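> First the structure, then my questions, so here it is.
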Amino acid sequence: MPVSSPDGPTPAELDAALGEVDWGSVPDGAVVDTVSAPSGRLARITLGPEAGRRVLLVPGATGSKEDFVVMMPLLARQGYRVESYDLAGQFDSAAAGPQNLTPPADGYRMSLFTDDLTAVLTDRPTPAHVLGYSFAGTVAAAVAVDHPDLVASLTLLSAPPLSGQAFRGLKIVGPLTNLASRRAAAAVMIWGIRLNLNRVGRSRLTFVRNRLRHTDRRSVDDIIGLMMQTPDLRAGLRAAQLPTLVAIGTGDLWPTARHREFADAIGARLAAYPTGHSPCETTPHQLVADMVELFKQTDST
């Protein structure tokens, strides 16, 4: 079943018709389990035919696998075996973290997240099509550079387009972020989520507030700190020559021009939708259509 039929509504029209979504629900037919990683057991959901080509969707800071509950059935209907998991310290994976490493670490480091993603990838057949959302875009890109054999294609969804202190390029408040500590910046982000500054629907707001209550605050602080030290992966991504899509909303945290420069630097195609930082929630049909096009081009070669 296509994302939209030739005689039916377009992906943009389907997105415009999206109603209220129960973000705390699991798609019908999904398998709920956990996967073993260096940081502990990570909560995972999987949907789609077992023989389908594998697609892995990785959520970002303060996010979870539920961020993709609209996208997952769309991809499954296209014949893909799609899965997502909660990052260590986040929501249903809150018990996973640096305390479980051998030897234990004193914080959530980039290597924890990249090693966990590598473990999730190697738990099932590879190469897989991988999407990394926001902070997880950097994590997915780092794994793609170090292990290109595990990744069939890479989609960077609203990922930081700048290396170093990535927040310096934010619209309006960018320069002010140079003065903020990681904990202060995390506090502002959590405050904005709880006050619903993004003006999400009632179901979404109820879900994200509950998710925050189950998320290890240390993981959020440390992830914000890692985003203030974003590695420069441009040369490595270009050298890897993986089919790559940079997908963003025109109202994203970073200006479209920044994302375009980043896409050009790594040899990726840029797709921009009339939305904000979360196309997986607000323009899922358009995002899935562009991803499926990337997958088909990749798999055909």
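Just so you know, all these numbers are worked out from the coordinates, no wet-lab data involved. What you see is a predicted model; the values in this text were computed from it and never measured. So basically every Cβ, Gly included, is an ideal-geometry build from the backbone, and we count neighbours across all protein chains shown.
> With runs of 4+ DSSP H residues as the only contributors, calculate the mean residue ellipticity of the chain at 222 nm using -39,500 (n - 2.57) per run, divided by the residue total and rounded to the nearest 500.
Using -39500 (n - 2.57) per qualifying helix, the result is -11000 deg cm²/dmol.
> What number results when the radius of gyration of the range 11-300, computed over Cα atoms, is divided by 2.2 N^0.38 Å?
The value comes to 0.92.
> List, in order, the whole-Hz ³J(HN,Hα) value for each residue of the range 213-221 obtained from phi through the Karplus relation with A = 6.51, B = -1.76, C = 1.60 and θ = phi - 60°; use x for Gly and Pro.
5, 9, 9, 5, 4, 4, 5, 5, 4
> Another question, then. If packing is taken as the average count of other Cβ atoms within 10 Å, what order do 148-155, 132-139 fall into, highest mean first?
Taking the mean over residues of other Cβ atoms within 10 Å, the ranking is 132-139, 148-155.
> Compute the FRET efficiency between GLN297 and ALA119 as 1/(1 + (r/R0)^6), taking r as their Cβ-Cβ distance and R0 = 30 Å, and round to the nearest 0.05.
Between GLN297 and ALA119 the formula returns 0.60.
> Continuing with this model, one more query. Treat the range 54-108 as a sphere of radius equal to its Kirkwood radius over Cα pairs and apply Stokes-Einstein at 20 °C in a medium of 1.002 mPa s; give the translational diffusion coefficient in µm²/s, rounded to a whole number.
172
> Another one. Provide the gained length on full extension for the span ALA239 to LEU212, in nm with one decimal, where the gain is 0.36 nm per separating residue minus the Cα-Cα distance.
That pair, ALA239 and LEU212, stretches by 5.9 nm at full extension.
> Based on the Cβ-Cβ distance from ASP149 to ARG109, what FRET efficiency comes out when R0 is 25 Å, to the nearest 0.05?
Computed FRET efficiency for ASP149 and ARG109 comes out at 0.55.
> What does the charge count around ALA95 come to, taking other residues whose C-beta lies under 10 Å from its C-beta (Lys +1, Arg +1, Asp -1, Glu -1)?
Taking every Cβ under 10 Å from that of ALA95, the sum is -1.
> Here is a follow-up. Which one, VAL130, VAL32, VAL145, has the greatest fluctuation when you compute a Gaussian network model over the chain with C-alpha springs under 10 angstrom?
Sorting by GNM fluctuation, first place goes to VAL32.
> In square nanometres, what is the average projected area of the Cα convex hull of the range 246-301?
Here the figure is 3.8 nm², rounded to one decimal.
> What is the packing order of peptides 279-290, 50-61, taking the mean over residues of other C-beta atoms within 10 Å and listing the highest first?
279-290, 50-61
> Using the 10 angstrom Cβ neighbour count as an exposure proxy, how do LYS296, LYS65 rank, fewest first?
LYS296, LYS65
> Let me ask you something else. On a full-extension model of 0.36 nm per residue, what is the gain between THR250 and SER163, subtracting their alpha-carbon distance, rounded to one decimal in nm?
That works out to 29.3 nm of additional length.
> Could the peptides 80-89, 213-222 be put in order, highest first, of the mean number of other beta-carbon atoms found within 10 Å of their residues?
80-89, 213-222
> Can you give the extra length, in nm with one decimal, that the chain gains between ALA265 and GLU20 once fully stretched, where that is 0.36 nm per residue apart less the Cα-Cα distance?
In short, 84.4 nm is gained.
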